[in-house]
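Below is one structure, written out as structure tokens; comments come after it.
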Amino acid sequence: MKSKMLSITIFSFLLVLISISNYCYAQNVQDFIKKGDDYLNTKFDNQRALEAYNEADKISPNNWEVYWRLSRVYVYIAEHMQAYNSTEKDAQLAVYQKAYNYADEAVKLAPNQSITYVRRAIANGRIALFKGIFSVGSIVNSVKADCDKAISIGNGGNYVQAIAHYVLALTNAKVSEKWKPARALLGLGWADIDVAIAEYKKAISLYPNFRMFYMDLARAYMREDENTLAKEMLNKVVASPKQDENDDDLLTEAKTLLKHMN
């Protein structure tokens, strides 16, 4: 009887130890994720964010929440790389490809999460722009498909859904710059500037006061010679708070455009 009671006590003790261990494990992962998010979203320190996410990845391999964040930070790092010769351009493309690979793994691990498709669309979009969107029609179509999928799933909150609509808008705007019959031969006939404008508006309705959304909608209006509406959006750029590492550049651009339009 005593032996049985001792066994139960040891078993219970082991369960407590396992529970504590699992709790500490989860806490460590979340701590590194939180630290990375703070570096990325508040301090705009991409390298420190990468280090924090890599630590989270070491503790918790194959974690979709870590993978989509790694994809995001690699996109930011690639955007800031100097690429003046073929060697530098190859290095930059390799980082964009790494961003895509992480996002693609995140999609496989969490196919029911909008953010994974959004991050894959963004990484793929950067690759398409790098290579030339009219030379990689299949990649551009994949960007649209991922945005549509993220929107149809509909989770992640207003910010994630806003980004999905924004990327879809940006894709329509960029692709529709080319003569429709020519791009239709590439399977890109779906793009439309009016769709782009509608998608920009949807992004803004979901997540207002974000400079990037207003600026690109202003560019779309200027392209359509809707200067009054463009000025309205540019003024919203000026009035919105800084939330992104590129917001200072957008503010300068908006003020310059308003000066020339007045």
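Right, residue 200: of a type in the set (Ser, Thr, Tyr) and closer than 30 Å to residue 73 by Cβ or not? It is true that residue 200 is of a type in the set (Ser, Thr, Tyr) and closer than 30 Å to residue 73 by Cβ. Checking each residue in segment 194-231 for being in contact with a helix residue (DSSP H, G or I) (Cβ under 6 Å, 6 or more places away or on another chain), under 24 Å from residue 255 (Cα atoms) and β-branched (Val, Ile, Thr) picks out 197, 204. Of all the criteria given as (1) assigned to a helix (DSSP H, G or I); (2) out of contact with any Phe, Trp or Tyr (no Cβ under 6 Å at 6 or more places or on another chain); (3) farther than 17 Å from residue 78 by Cβ, the one not satisfied by residue 159 is (2).
Residues of segment 69-118 that are farther than 18 Å from residue 50 by Cα and loosely packed, with under 14 Cβ neighbours inside 10 Å: 82, 84, 85, 86, 87, 88, 90, 108, 111, 112.
Output the residue which, of all residues in segment 227-249 that are among the charged types (D, E, K, R) and surrounded by fewer than 16 Cβ atoms within 10 Å (Cβ to Cβ), is nearest to residue 43 (Cα to Cα). Within segment 227-249, the match that is nearest to residue 43 (Cα to Cα) is 244. Among the criteria (1) under 24 Å from residue 219 (Cα atoms); (2) free of Cβ contacts under 8 Å to residues at least 40 places away in the same chain; (3) not in a loop (DSSP other than H, G, I, E, B), the one residue 108 does not fulfil is (1).
The set of residues from segment 244-262 being touching a Lys or Arg at 6+ places or on another chain (Cβ under 8 Å) and either modelled with pLDDT of 95 or more or among the charged types (D, E, K, R) (or both) comprises 244, 247, 248, 250, 251, 254, 258.
Could you check, for segment 199-211, whether at least one of its residues is part of a helix (DSSP H, G or I), of a type in the set (Phe, Trp, Tyr) and surrounded by fewer than 19 Cβ atoms within 10 Å (Cβ to Cβ)? Walk me through it before giving the result.
Of segment 199-211, the ones part of a helix (DSSP H, G or I) are 199-206, 211.
This time we only want the ones that are of a type in the set (Phe, Trp, Tyr), so: 200.
Cutting the leftovers down to surrounded by fewer than 19 Cβ atoms within 10 Å (Cβ to Cβ) gives us none.
The answer is no; no qualifying residue exists.
Inside segment 212-226, residues that are farther than 22 Å from residue 40 by Cβ, assigned to a helix (DSSP H, G or I) and not hydroxyl-bearing (Ser, Thr, Tyr) make up a count of 6.
The sole residue among 158, 235 that is at pLDDT 95 or above, more than 17 Å from the chain's Cα centre (by Cα) and of a type in the set (S, T, N, Q) is 235.
The values are calculated or read from the model by the stated rules, or taken from the named source; none is laboratory data. The model shown is predicted, which means the values in this text are computed figures rather than measured ones. Glycine also receives a Cβ, built like all others from the backbone with ideal geometry; neighbour counts cover every protein chain displayed.
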